[in-house]
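Below: the structure, in structure tokens.
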Amino acid sequence: MERILIGDLKDHIGKDVTIKGWVDGVRDHGKVAFLVLRDRSGNVQAVASGDYNETALPAAQELGEQYAVEIMGEVKERPEKMKREEVNGELEFGIKEIVVLSKAEQMPFDMSAELNIDTHLDNLPLTLRTEKSRAIFKVQSEILIAYRAFLNKEGFTEFQSPKITGDDAEGGANTFSFDYFGDTKAHLATSPQFYKQIMTGVYERVFSTGTAFRAEKHSTSRHLNEYTSLDLEMAFIKDYKDVANLVADLMRHIVEHLKETCVAEFKLLDAEFPLAPKEFPMMKLVEAQELIKKETGEDTVGEPDLEPEHERWLCTYAKENLDSDFIYITHYPVSKRPMYTFEDPETPGFTGSFDMLFRGVEIMSGGQRRHEYDNLVEGIKMKGLDPDKFSYYLQAFKYGMPAHGGIGMGLERLTAKFLNIKNVKEATLFPRDMNRIDTLLHKNDSE
Ligand code: AMO
């Protein structure tokens, strides 16, 4: 019999059909057993009792959680008083025949319990199947769909950037390096920065979605050693505001798309859709610092960057006073930004760059780039780097490179902030951190 998806059962009331899926729960009451069955389209409660078929009950009682099964039975409408609010709550699936497709071992823990993060991460092949995890990564997948759709519509071309690089794009010390045939050292890309700039010379507007690697020895709720970087770069801009405006449109598009596709997931995770006004608030770093000083008495004016607590404060301020969950902070000092960052001629010493803060965390950096060859070489030298090491990248700037800019955004941080998730690792499918590549690298002292 042809397989019917659980999400389509409502179109087959009164008929015998076959479904395939996983057993998400079994309740055995002796004379009747209830199963929750899940496939890619949803869940349904199935009932095994003598009413439908007498072999069904003992077969159902043999099943355990996560068995993969094929079940034939009748789709019935529940009596009015038994109907439930949830999806398929108006239906009951009367089991007539069960075929076990793949058995499951005894569950190592109660799948419905709130697990601590290490147990969750140790058992991802199993715990990713929980309702909560499925909701998180469905939202993540929809963010990517919206990201691509918006940029395609705006004339951007997607490209794949290499992950093995000869040198580090950000000029920092946080790269993983490894032996690359003999005595050559290669690095894992910390960002597709150089390639997306080169590609603006090819397609004018480009974007990529791919992993980036940071050898940062941070053990925080927002740092990963491998993350998914959503990058875009666009040429023929007037200044950083052209980028910031397009990116605000992009974020509004993502929010609208999630409102259309992920209402159930937001509800399940107790998350609210963010406030994304027509114009995102924008403050220069120094203005933000002056505001913090005025409102809290804390004087950070002149510091080159914001502390995490000040990022949180600014986000609360923007939400309460400017009706926005998003805020741009611009004009970080030249000393604090990478060598490719454009210095704003209107504010010498400060860059035409920005960070976007969302619900207390920096989710994105970007801005205008140095597009004139000599100016870029000067930027490289200013950071104490050797322009010869960047000769490959520099070629692009010898042959007609217009003013351009772009952003890089961490998909996992963005997902976590959308969904009110405290630790970015919970919004990362298979997180890599200092202590873990799938399995723990070091046993805790206490173990
Ligand atoms: P930056 O280094 O600020 O900028 O990174 C941009 C965004 O990437 C995410 N991110 C991370 N997420 C999790 N763990 C990490 N260790 C981590 N590091 C970065 C953050 C951050 O805001 N090339 C520039 C971008 C540009 O100017 O286009 C860059 O990489 O969300």
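Throughout, read-outs are computed from the coordinates displayed, never taken from laboratory work. What you see is a predicted model, and the numbers here were worked out from it, not measured in a lab. Here Cβ is always computed from backbone atoms with ideal geometry, including for glycine, and neighbour counts include all displayed protein chains.
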Handout entry: Spacing of the two label points (7 Å from each Cα toward its C-beta) at Lys163 and Lys398, in nm
Key = 3.2 nm
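Taking the Cβ-Cβ separation of Ile13 and Thr261 as r and a Förster radius of 41 Å, what is the calculated FRET efficiency to the nearest 0.05?
On the way: r = 26 Å, r/R0 = 0.65.
Efficiency computed from Cβ-Cβ geometry: 0.95.
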Completion exercise
Taking only the Cα positions of the chain, the convex hull volume per residue in Å³ is 205 Å³
Exercise for the section: Calculate for the chain the 222 nm mean residue ellipticity that helices alone would give, adding -39,500 (n - 2.57) per DSSP H run of length 4 or more and normalising by residue count, nearest 500 deg cm²/dmol. Expected result: -8500 deg cm²/dmol
Handout entry: Distant alpha-carbon pairs in region 7-160 (separation over 24 angstrom), percent
Key = 44 percent
Handout entry: Cα centroid of region 255-291 to Cα centroid of region 66-81, whole Å
Key = 40 Å
Exercise for the section: Kindly express, to the nearest 10 degrees and within the range 0 to 90, the angle between helix 193-203's C-alpha long axis and the longest C-alpha principal axis of the chain. Expected result: 90 degrees
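How high is the FRET efficiency from Asp118 to Arg312, r the C-beta distance, R0 30 Å, rounded to 0.05?
Values: r = 26 Å, r/R0 = 0.86.
In this case the efficiency is close to 0.70.
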Problem - Stretchable slack from Thr130 to Asp270, in nm (0.36 nm times residue separation minus alpha-carbon distance) - result: 48.8 nm
Practice task
Measure off 7 Å from each Cα along the Cα-to-Cβ vector at Lys389 and Arg40, then give the distance between these two points in nanometres to one decimal.
Solution key: 4.6 nm
Exercise for the section: Tell me the label-point distance for the pair Asp239, Glu303, using the 7 Å Cα-to-Cβ offset, in nm and rounded to one decimal. Expected result: 2.7 nm
Exercise for the section: Just need the relative contact order of the chain here, percent rounded to a whole number, with Cα pairs under 8 Å and 6+ apart. Expected result: 13 percent
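For a quick protection proxy, order the peptides 314-323, 331-340 by their average other-Cβ count within 10 Å, most packed first. Each step should come with its number before you reach the end.
Values: 314-323: 15.9, 331-340: 19.6.
In descending order of packing, they fall as 331-340, 314-323.
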Practice task
Translational diffusion coefficient, Stokes-Einstein: compute it for region 300-437 using the Kirkwood radius over C-alpha pairs as Rh, at 10 °C and 1.306 mPa s, and state it as an integer in µm² s⁻¹.
Solution key: 93 µm²/s
Practice task
Provide the gained length on full extension for the span Thr439 to Leu322, in nm with one decimal, where the gain is 0.36 nm per separating residue minus the Cα-Cα distance.
Solution key: 37.7 nm
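Mind running the shape call on region 183-273? Use the C-alpha gyration tensor, a ≥ b ≥ c as the square roots of the eigenvalues: rounded below 1.5 for a/c, prolate if a/b tops b/c, oblate otherwise.
Details: a/c = 2.55, a/b = 1.20, b/c = 2.11.
Oblate, because a/c is 1.5 or more while a/b does not exceed b/c.
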Practice task
Give the angle, between 0 and 90 degrees and rounded to the nearest 10, that separates the Cα long axis of helix 308-322 from the longest principal axis of the Cα atoms of the chain.
Solution key: 80 degrees
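If you count, for each residue, the other Cβ atoms within 10 Å and average over each peptide, how do 248-254, 419-425 line up from highest to lowest? Provide the component values of the computation, followed by the final result.
On the way: 248-254: 19.3, 419-425: 17.6.
Peptide ranking by packing, descending: 248-254, 419-425.
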Practice task
Please work out, to two decimal places, the log10 of the ratio I(q)/I(0) at q = 0.32 Å⁻¹ from a Debye calculation in which every Cα of region 359-411 carries one identical scatterer.
Solution key: -1.21
Completion exercise
Largest fluctuation, Gly14, Gly94, Gly366 only, Gaussian network model of the chain with Cα springs under 10 angstrom, belongs to Gly14
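Going through the cross-link list Lys153/Lys241; Lys31/Lys81; Lys83/Lys422; Lys10/Lys103; Lys76/Lys267, which pairs have a Cα-Cα distance over 24 Å in this structure? Write down the numbers at each step before the final one.
Details: Lys153/Lys241 20 Å; Lys31/Lys81 21 Å; Lys83/Lys422 35 Å; Lys10/Lys103 28 Å; Lys76/Lys267 28 Å.
Beyond 24 Å between Cα atoms: Lys83/Lys422; Lys10/Lys103; Lys76/Lys267.
Out of all Cα-Cα pairs in region 164-228, roughly what percent, to the nearest whole number, are more than 15 Å apart?
Numbers: 1205 of 2080 pairs.
Of the Cα pairs, 58 percent sit more than 15 Å apart.
What FRET efficiency do you get for Glu77 and Ala104 if R0 is 30 Å and r is their Cβ-Cβ distance, rounded to the nearest 0.05? Each step should come with its number before you reach the end.
Numbers: r = 31 Å, r/R0 = 1.02.
Calculated value: 0.45.
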Fill in the blank from the handout: Scalar couplings 3J(HN,Hα) for region 230-239 by Karplus 6.51 cos²θ - 1.76 cosθ + 1.60 (θ = phi - 60°), nearest whole Hz, x for Gly and Pro, are 9, 10, 8, 8, 9, 9, 6, 8, 7, 7
Practice task
Provide the packing ranking of 125-133, 295-303, i.e. peptides ordered by the mean count of other C-beta atoms within 10 Å per residue, highest first.
Solution key: 125-133, 295-303
